[in-house]
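Written below as structure tokens is the structure these notes are about.
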Amino acid sequence: MAFQNLLSAAENGICTITINRPDKLNALNQATLKELRQALNEAVADPEVKGIIITGAGPKAFVAGADISEFSGLNEEQGRAFAANGHEIFRAIELCPKPVIAAVNGFALGGGCELAMACHMRIASELAKFGQPEVNLGLIPGYGGTQRLTMHIGRGRATELLMTGDIINAQDAYRVGLVNYLVPPEQLIPKCTEILQRIASKAPLAVAEIVKCVDAHYTDGVDGYAFEVDAFGRCSGTEDFKEGASAFMEKRKAVFKGK
């Protein structure tokens, strides 16, 4: 479908979703979030798509935050609903059965940093900047930032960044483990593509189970080890496992069909 606030294009098995509001530094408003969820659903449903890249239009910003004009007048009840909607959409990204990489090309602040953290991996341009500056508005992150930042970089560092609202450069983000790779701007999309192409050669059902197993580690009340045992069992019963084992023994490249 045609979108007003983002671009979505699939090529060679990779769907690139671009937040396309460069005049607003790609700030996330509610209409953009709704379109993002729709674009994600379409990419998941497309059997030709093996991986997804999320990025921002223009050289300045990945996503420079949420659209403040939409939540500056919220009361307590409305604020909860506003945050819950963002949580639901970002959780769908986090649990996407296909690999999702954030290609961070500039400012990733507030909701933009939260969007990047909801993706399975983050590749950053050397010009990227990250931060959760909501405390400067008398707020806290509302789209999962307090939880995912702590998960990615640890309690002490996350608490400092959340409380100070400081913005860190790409080099510091890489140093603390917030991003997987740091590359020159012109290599950003090619690096994401290279990773997704390598993953595309693997068994898609196993890739989807890895997403769920990793998530189980961070889910309260879930025994991640027991979850892994069940997931291993599910993979063992697939045609892909039989193909992978046969290919290994026959010293050939496996051809997985997601069955």
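At a glance:
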{"read-out": "Cα-based equivalent ellipsoid, the range 62-144: semi-axes from gyration tensor eigenvalues, Å", "value": "23, 17, 8"}
{"read-out": "Net lengthening on full extension, Thr159/Glu126 (0.36 nm per residue, minus Cα-Cα)", "value": "9.4 nm"}
{"read-out": "Spatially near lysine pairs across the range 1-128, Cα under 21 Å, sequence gap of 8 or more or different chains", "value": "4"}
{"read-out": "Where labels lie 7 Å past Cα in the beta-carbon direction, separation of Asn169 and Tyr181 in nm", "value": "2.2"}
{"read-out": "About the Cα centre, charge dipole magnitude for the chain (Lys/Arg +1, Asp/Glu -1 at Cβ), debye", "value": "660"}
{"read-out": "His87 versus Asp230: modelled label distance in nm, points set 7 Å from Cα along the beta carbon direction", "value": "2.2"}
{"read-out": "Long-range tail of P(r) for the chain (Cα pairs > 29 Å, %)", "value": "32"}
{"read-out": "Nearest-ten-degree value, helix 155-164 long axis tilted from longest Cα axis of the chain", "value": "30"}
{"read-out": "Calculated [θ] (222 nm, deg cm²/dmol) that DSSP helices of n ≥ 4 give over the chain, each run adding -39,500 (n - 2.57)", "value": "-14500 deg cm²/dmol"}
{"read-out": "Sorted by Cβ density within 10 Å, fewest first, the residues Met121, Met163, Met249, Met151", "value": "Met249, Met163, Met151, Met121"}
{"read-out": "Set of lysines near Lys242 by C-alpha distance (under 20 Å), chain-local residues within fewer than 8 positions excluded", "value": "Lys202, Lys251, Lys253, Lys257, Lys259"}
{"read-out": "Full-extension gain in nm, Lys202 to Gln38, via 0.36 nm per residue minus C-alpha separation", "value": "56.4 nm"}
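All of the numbers you see were taken from the coordinates with simple rules; none came from a lab. Since this is a predicted model, take the numbers as computed values, not measurements. With ideal geometry, Cβ positions are generated from the backbone for all residues, glycine too; neighbour counts draw on all protein chains shown.
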